[in-house]
2 protein chains.
Amino acid sequence: MALKAVKTKVSLADKAYRELKHKILDNELHSGQQMTEAEVSVLLNMSRTPTREAMLQLASEGLIELKPRHGMRVKPISIDDMQEIYEVLTGLESTAAALCATKGLTSEQLSLMHDAVNTMNETLDRDDLTEWARADEQFHRYLVEFADNNRLKHLVSNFIEQSHRFRMLTLKMRPKPTNSNKDHLDVISAIENRDSEKARLIHHQHREKSGRMLISLIKNVGLNHI
Amino acid sequence: MALKAVKTKVSLADKAYRELKHKILDNELHSGQQMTEAEVSVLLNMSRTPTREAMLQLASEGLIELKPRHGMRVKPISIDDMQEIYEVLTGLESTAAALCATKGLTSEQLSLMHDAVNTMNETLDRDDLTEWARADEQFHRYLVEFADNNRLKHLVSNFIEQSHRFRMLTLKMRPKPTNSNKDHLDVISAIENRDSEKARLIHHQHREKSGRMLISLIKNVGLNHI
DNA sequence: AAATTTATTAATGTATACATTATATGATCT
DNA sequence: AGATCATATAATGTATACATTAATAAATTT
């Protein structure tokens with residue numbers, strides 16, 4: 001039996017969206033950097049139409065801003081922006097934690113969350129902060145995915161992306177996150193016990209605290225924007 | 001001195017977006033109704049390009065879904081969708097209530113909220129449910145606006161829009177909302193007392209209860225979608 | 001009559017052309 | 001040198017043309 005190549009047709013607009021987003025999140029396109037539609041279409045090697053659609057989408061997601069006759073600009077994130085982003089993200093994830101406790105999780109789901117906590121411990125032990133951050137984000141994404149609310153999941157994903165650059169910037173500046181996992185385990189425990197208020201509260205305090213710390217780190221370095 | 005006409009240049013894409021949105025929210029375009037790009041461009045009397053941009057935006061906001069070669073479809077809202085929407089909306093608005101209490105409101109802001117409550121009482125007294133709903137929504141929008149977080153405000157606005165059709169559908173089916181304003185006043189009081197947990201909790205229970213009621217009303221009529 | 005195959009049509013995604021006009025540049029004046 | 005005005009240019013928003021191909025209709029086979 002001949003093996004057929006699986007061919008998923010990706011539109012150019014979708015390709016443009018993904019590539020631009022990747023360049024922004026990985027700092028290949030810097031904060032404040034401007035590009036006209038024509039420049040973006042040259043960069044991505046396609047006509048203006050799909051790049052324009054991609055840019056409109058990224059603008060609605062808050063990663064870039066569009067200025068007529070000046071094209072797109074990678075949105076600098078001010079301290080106020082960070083504050084806003086964290087307030088929303090904290091509220092959304094706490095809602096997810098509460099929903100997990102209300103709806104209940106399977107043992108497989110709980111196991112995955114424990115795995116993420118274990119990975120965080122291991123990566124901390126060997127001082128691998130990048131991998132720690134990955135496992136941390138994975139834990140948070142599980143929390144939201146298992147809340148079983150697709151709209152919530154997409155919202156949180158967008159806010160995690162918006163916060164990506166300042167989380168990565170501060171990763172090497174912050175104290176080693178040795179207490180993080182106590183909160184994570186307490187949240188898991190509250191979920192297991194179906195205590196939605198406790199799950200919500202613990203996670204809320206956890207997120208609020210880390211948001212405050214990130215913001216003060218950035219302020220202490222004298223940055224107004226990133 | 002000659003009076004100059006104030007001219008704000010609105011793009012056709014923006015015009016298309018607003019008109020389509022208006023038609024959906026006011027049920028001029030019915031749930032499940034399909035239109036190809038060409039049909040929409042005839043309806044709106046413009047070329048496909050701006051209508052396409054408008055449709056992409058409305059799709060990302062969840063009011064329509066796009067299906068290649070079939071165009072757009074006004075998104076029917078299932079019971080599950082309603083549940084999701086209310087879970088998110090409840091979480092977001094509760095976050096706003098808590099933020100209002102944390103940040104504190106001016107006496108003007110508090111006065112506006114009291115005005116909305118008074119309007120609700122008056123409209124209830126004369127059995128004007130449509131105006132009551134307007135005042136109710138106004139109260140909720142104040143809550144979010146005064147939380148002073150632009151991202152949160154836009155999110156809530158989008159979810160209020162998504163919930164608009166089923167709120168309007170159930171408006172005449174629901175019991176007269178005689179207890180609503182006790183909750184509203186309690187929230188205002190908690191905000192005045194700078195008690196963020198209490199503001200959050202009261203509002204959360206309030207929203208959760210009304211969400212459950214709306215959903216059960218729709219189920220009792222035997223509808224799976226609206 | 002139902003199932004399968006073939007041909008045709010039309011819908012989208014993209015590229016390109018065009019019109020409008022904001023912005024940059026250059027010239028002139030103070 | 002700085003301010004103002006005029007002009008040219010280029011960026012966007014829109015319309016239109018084109019290529020691809022999914023979906024539908026028609027023809028053929030069972």
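Odds and ends about this structure:
- Annotation: extensible slack from residue A:43 through residue A:134 equals 29.8 nm (criterion: 0.36 nm per residue apart, minus Cα-Cα distance).
- Inter-copy spacing of residue A:173 label points, which lie 7 Å from Cα along Cα→Cβ, given in nm from shortest upward: 5.3
- Remark: label point of residue B:18 defined 7 Å out from Cα along the Cα-Cβ vector; separations to the same position in other copies 3.6 nm, ascending.
- Sparse-neighbourhood loop sites, trypsin sites (Lys or Arg not before Pro) in the range B:119-155 - DSSP loop, at most 13 other Cβ within 10 angstrom: B:126
- Flagged links, alpha-carbon separation over 25 Å, of A:176/A:219; A:172/A:219; B:172/B:209; B:21/B:209; A:23/A:172: B:21/B:209
- Calculated SAXS-style log₁₀ I(q)/I(0) at q = 0.08 Å⁻¹ - the protein assembly as shown, Debye, Cα scatterers: -0.54
- Base-10 log of normalised Debye intensity for the range B:12-74 (one unit scatterer per alpha-carbon) at q = 0.17, 0.23 Å⁻¹: -0.45, -0.88
- Taken about its Cα centre, the range A:1-142 carries a charge dipole of about 1060 debye when Lys and Arg each add +1 at the Cβ and Asp and Glu each add -1 at the Cβ.
- Helix-only CD estimate at 222 nm, as mean residue ellipticity for the protein assembly as shown, using -39500 (n - 2.57) per DSSP H run (n ≥ 4): -23000 deg cm²/dmol
- GNM top mover of B:195, B:125, B:148 - chain B, alpha-carbon springs below 10 Å: B:125
- Both numbers refer to the Cα atoms of the range B:27-134; Rg and Dmax are 19.9, 55 Å.
- Equivalent ellipsoid semi-axes, the range A:180-225, via Cα gyration tensor eigenvalues times 5, rooted, Å: 30, 9, 5
- Relative to the other identical copies, residue A:33 shows label-point distances of 4.5 nm, where the label point lies 7 Å from Cα along the Cβ direction and values run shortest first.
- Chain A: relative contact order in percent, alpha carbon pairs under 8 Å with at least 6 residues between: 24 percent
- Highest-fluctuation residue, A:93, A:145, A:131 considered, GNM on chain A with Cα pairs under 10 Å: A:131
- Placing unit charges on the Cβ atoms only, positive for Lys and Arg and negative for Asp and Glu, gives the range B:79-220 a dipole magnitude near 300 debye about its Cα centre.
- When Rg and Dmax are taken over the Cα atoms of the range A:70-193, they come to 15.4, 54 Å.
- Normalised per residue, the volume of the convex hull around the Cα set of chain B (Å³): 162 Å³
- In loop segments of the range B:39-91 as defined by DSSP, the trypsin sites (Lys or Arg not before Pro) with at most 15 further C-beta atoms inside 10 Å of their C-beta are B:69.
Each value in this text was obtained by applying a stated rule to the coordinates, not by laboratory testing. Predicted model, so just to flag it, every value in this text is computed and none were measured. Glycine gets a Cβ as well: all are built from the backbone with ideal geometry, and neighbour counts include every protein chain shown.
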